[in-house]
Amino acid sequence: MTDRTRAHVYVSGRVQGVYYRASTRDAAREKGVDGWVRNLDDGRVEAVFEGPEEALREMVAWCETGSRAADVDDVDATYEEAKGIDGFEVRW
């Protein structure tokens, strides 16, 4: 049994071109969360976080504000079993 969980998150609003991905990476690393973040063609940001449940809930809450220049409209998060991601990266 592992204490790691996975959150799959979609963030909508003004979240591209406002350092949202870089800020997400920095926040995740600060909280010890693994995963990745990327822009989607439809203007949303998609992220996957893996780690202890409390840290994931903190990251999802962080996504509701995001980077200083972002204007978040909605955060949709689903929780599932961790798949073993190691480290955190910005995907292109």
- [ ] Place a +1 charge on the Cβ of each Lys and Arg in the chain and a -1 charge on the Cβ of each Asp and Glu, then give the dipole magnitude about the Cα centre in debye, rounded to the nearest 20.
- [x] 320
Task: Ranking of 49, 88 by count of other Cβ atoms within 10 Å, fewest first - done: 88, 49
TODO: Starting with the fewest neighbours, write out 25, 57 ranked by other beta-carbon atoms found within 10 Å of each beta-carbon.
DONE: 57, 25
Task: Tail beyond 17 Å, pair distance distribution of the chain (Cα, percent) - done: 40
- [ ] Using only the Cα atoms of region 5-45, build the gyration tensor, take square roots of its eigenvalues as a ≥ b ≥ c, and label the shape rounded, prolate or oblate: rounded if a/c is under 1.5, else prolate if a/b is larger than b/c, else oblate.
- [x] oblate
Task: For 36, 92, order by how many other beta-carbon atoms lie within 10 Å, fewest first - done: 92, 36
- [ ] Give me the angle, in degrees from 0 to 90, between the Cα long axis of helix 20-31 and the longest principal axis of the Cα atoms of the chain, rounded to the nearest 10.
- [x] 30
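Readers should treat all values here as calculations from the given coordinates under stated rules, not as data from a laboratory. Model, not experiment: these values are computed from the prediction. Cβ coordinates were reconstructed from backbone atoms using ideal geometry, including for glycine residues, and neighbour counts include every protein chain displayed.
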